[in-house]
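Participant: One structure, pasted below without further comment.
The values are calculated or read from the model by the stated rules, or taken from the named source; none is laboratory data. If you're wondering where the values come from, they're calculated on a predicted model, not measured in any experiment. Here the Cβ positions follow ideal geometry from the backbone for every residue, glycine too, while neighbour counts run over all protein chains shown.
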Amino acid sequence: MKKLVVACGLAFLVPAAARAEIGTPDVVPAATLLLPRFEVDLANPGGTTTLLSINNASDDVVLASVTLWSEWAVPVVAFNVYLTGYDVHTVNLRDVIAFGDLPNTGPSNALSSLGAFSVGPHSTFGGTCSAALGAAPNHANLSGMQLQVVQQALTGQPLSTNGQCASLPGDSTLARGYATVDVVRNCTPDFPDHVGYFVDGGQGTAGNANVLWGDYFVVSPEENFAQGYTLVHIEADGASLGVADGACDTVDRDPTTFYCTLRNPTTQPGEDNREGLPSVYATRYLAGGAFTGGTELLAWRDKNGTGSGATRNCAAPPTSLGEAQVVAFDEQENPALSLPGTGFLPYNTNRVRVGVDVAIDAPFGWLFLNLNDGNPAQEYFRQAHLTPTMSAEGRFSVGFDAFPLNNLTLGSDNRRGPRNPDPTLGPVPNPNTPTLFP
């Protein structure tokens with residue numbers, strides 16, 4: 001009888017199988033991975049770098065395309081990573097950005113071995129992949145000229161090609177941007193904004209197989225310090241994800257897809273079929289006590305307009321991305337501030353400090369962030385992803401994803417802001433604070 005009781009007790013402890021839910025950020029194998037922000041110190045070999053891990057959840061050979069984007073959503077460089085069944089490959093972005101060394105993978109056991117559980121065989125993906133994707137002469141690494149432009153684009157320096165900038169001018173030694181990783185069907189240096197990259201149903205360069213998973217680390221070897229996070233896993237669903245009318249403008253998105261604003265509907269009619277990310281978040285912050293480093297937000301944001309970002313006059317950066325509303329609550333639930341349209345997360349990737357870049361009145365509390373357009377006439381959807389990080393003494397840190405409060409795949413009822421507050425998502429009208437939510 002005792003054994004039976006123990007067995008019954010254990011039955012209640014068995015976890016349920018992971019279930020993917022489209023439109024809700026969940027850590028399940030996906031067709032696209034997003035690294036919201038990377039940083040690489042180009043001046044100091046022992047300084048900050050970012051390590052990206054790409055994993056294959058399937059037993060078959062998979063090809064992934066990695067694109068590095070600037071702060072202004074300009075695609076800078078793309079390269080392929082070949083993965084056998086259940087394979088894992090780690091990319092140190094210092095190798096790519098500082099030295100121009102691309103990952104050396106390919107359809108050979110010498111580079112990417114077929115493990116015991118990999119069904120194989122090796123594939124050249126229609127003859128587009130050479131034996132070694134990241135080594136000359138089969139797939140030459142970045143030339144000196146290419147590397148110079150990559151570094152200029154990611155540090156906000158005038159480009160040798162046109163004298164314009166792809167990122168905010170500033171620290172010429174710190175490369176920063178974001179990265180996407182897509183399942184693809186052939187080896188190509190094309191960016192995701194290229195015509196034919198996405199075709200509805202995963203029939204373009206990009207496929208729809210939900211097989212990728214991964215994580216990333218921001219590491220400072222010199223300071224013996226590292227911070228680790230899960231990549232954003234973005235699932236594909238060719239049956240239900242796409243813009244209803246085949247267009248992709250900021251007025252009609254039903255539902256929003258991840259690459260929706262990247263496409264120009266006139267020249268790129270294909271659908272990416274990727275789930276959209278939320279636009280309203282909640283997150284705790286700590287700016288005192290044991291966490292002497294306070295709280296930083298690593299933030300990726302959707303871009304304005306359609307098409308990829310463009311280089312610009314270095315003295316004329318793009319218009320800052322606004323917010324519909326930012327409210328800080330202390331631990332007594334007092335709203336400390338309301339900041340509509342402040343633009344404290346101005347670009348497509350940002351690192352900001354709570355208490356410095358966004359004001360607070362109390363050392364502990366939480367933030368409500370409606371990162372939609374903030375335009376009182378339209379309140380356009382504006383995808384985002386937030387990763388708060390609390391640190392102490394330059395040695396310890398805690399990082400996690402902020403909590404999403406909406407789901408853009410539900411369609412047009414997801415505009416959450418001062419004009420249309422939802423009583424189930426985020427702060428609601430309060431008679432004691434009528435100016436916060438008119």
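Participant: Within the set of pairs 6+ apart or on separate chains, which have a first residue in region 214-241 that is without any contact (Cβ under 8 Å) to a residue 60 or more places away in the chain, a second that is assigned to a helix (DSSP H, G or I) and surrounded by fewer than 17 Cβ atoms within 10 Å (Cβ to Cβ), and C-beta atoms under 9 Å apart?
Facilitator: The qualifying pairs do not exist here.
Participant: Has region 117-138 got at least one residue that is outside any loop (DSSP other than H, G, I, E, B), surrounded by fewer than 17 Cβ atoms within 10 Å (Cβ to Cβ) and among the aliphatic types (A, V, I, L, M)?
Facilitator: Taking region 117-138 and keeping what is outside any loop (DSSP other than H, G, I, E, B), we get none.
No, region 117-138 contains no residue that is outside any loop (DSSP other than H, G, I, E, B), surrounded by fewer than 17 Cβ atoms within 10 Å (Cβ to Cβ) and among the aliphatic types (A, V, I, L, M).
Participant: Which of the following residues is within 22 Å of Phe198 (Cα to Cα) and not assigned by TED's automatic domain parsing to the domain that holds Thr349: Leu68, Leu114?
Facilitator: None of the others qualify; the one that does is Leu68.
Participant: Considering Ala73, Ala64, which residue is on the phi > 0 side of the Ramachandran plot and in contact (Cβ under 8 Å) with a residue 40 or more places away in the chain? Walk me through how you get there before you give the answer.
Facilitator: Values: Ala64 fails: on the phi > 0 side of the Ramachandran plot.
Only one candidate qualifies: Ala73.
Participant: Here is a list of conditions, (1) under 30 Å from Ile22 (Cβ atoms); (2) buried (at least 18 other Cβ atoms within 10 Å of the Cβ); (3) in the same structural domain as Val61 (by TED's automatic domain parsing), and Gly196 meets all of them except one; can you say which number that is?
Facilitator: Answer for Gly196: the failing condition is (2).
Participant: Kindly provide the set of residues from region 38-49 that are surrounded by fewer than 24 Cβ atoms within 10 Å (Cβ to Cβ) and either in contact with an Asp or Glu (Cβ under 8 Å, 6 or more places away or on another chain) or not in a loop (DSSP other than H, G, I, E, B) (or both), ordered by number.
Facilitator: First, the residues of region 38-49 that are surrounded by fewer than 24 Cβ atoms within 10 Å (Cβ to Cβ): 39, 41-48.
Residues satisfying the conditions are Glu39, Asp41, Asn44, Gly46, Gly47, Thr48.
Participant: Separate question: Identify all residues within region 12-51 that are closer than 17 Å to Leu93 by Cβ and at pLDDT below 95; write none if there are none.
Facilitator: Here is the first cut: in region 12-51, the residues closer than 17 Å to Leu93 by Cβ are 33-51.
Result: Ala43, Asn44, Pro45, Gly46, Gly47, Thr48.
Participant: Right, here's the next one. Out of the residues in region 33-57 meeting the condition of being touching a Ser or Thr at 6+ places or on another chain (Cβ under 6 Å) and hydroxyl-bearing (Ser, Thr, Tyr), tell me which one is nearest to Trp213 (Cα to Cα).
Facilitator: Ser53
Participant: Looking only at residues in region 276-317 that are of a type in the set (Ser, Thr, Tyr) and part of a loop (DSSP other than H, G, I, E, B), which one is farthest from Phe400 (Cα to Cα)? Before you say what the answer is, go through the steps one by one.
Facilitator: Quick first cut of region 276-317, residues of a type in the set (Ser, Thr, Tyr) only: 279, 281, 283, 285, 292, 295, 306, 308, 311.
Pick out the ones that are also part of a loop (DSSP other than H, G, I, E, B) and you get 279, 292, 306, 308, 311.
Working: Ser279: 17, Thr292: 18, Thr306: 30, Ser308: 28, Thr311: 32 Å.
This residue is Thr311.
Participant: If a residue must be buried (at least 21 other Cβ atoms within 10 Å of the Cβ) and among the polar types (S, T, N, Q), how many such residues does region 68-96 contain?
Facilitator: Final tally of qualifying residues: 3.
Participant: Here is a check on your reading of the model: is Asp60 in contact with a strand residue (DSSP E or B) (Cβ under 9 Å, 6 or more places away or on another chain) and in a loop (DSSP other than H, G, I, E, B)?
Facilitator: no
Participant: Hey, another quick one. May I ask you to verify whether Thr230 is closer than 30 Å to Val354 by Cα, modelled with pLDDT of 80 or more, outside the structural domain of Val354 (by TED's automatic domain parsing) and surrounded by fewer than 18 Cβ atoms within 10 Å (Cβ to Cβ)?
Facilitator: yes
Participant: Evaluate region 166-189: report whether one residue or more is assigned by TED's automatic domain parsing to the domain that holds Pro75, in contact (Cβ under 8 Å) with a residue 60 or more places away in the chain, over 30 Å from Ser123 (Cα atoms) and touching a Cys at 6+ places or on another chain (Cβ under 8 Å).
Facilitator: Looking through region 166-189, at least one residue is assigned by TED's automatic domain parsing to the domain that holds Pro75, in contact (Cβ under 8 Å) with a residue 60 or more places away in the chain, over 30 Å from Ser123 (Cα atoms) and touching a Cys at 6+ places or on another chain (Cβ under 8 Å).
Participant: If I filter region 372-385 down to residues being more than 20 Å from Ser70 (Cβ to Cβ) and crowded, with 16+ Cβ neighbours inside 10 Å, which single residue comes out as modelled with the highest pLDDT?
Facilitator: Here the answer is Asn372.
Participant: For the structure I just gave you, tell me whether Asp182 is surrounded by fewer than 19 Cβ atoms within 10 Å (Cβ to Cβ) and either on the phi < 0 side of the Ramachandran plot or at pLDDT 90 or above (or both). If you could, list the steps in order and put the result at the bottom.
Facilitator: On the way: surrounded by fewer than 19 Cβ atoms within 10 Å (Cβ to Cβ): no; either on the phi < 0 side of the Ramachandran plot or at pLDDT 90 or above (or both): yes.
No; evaluated as a whole, the condition is false for this residue.
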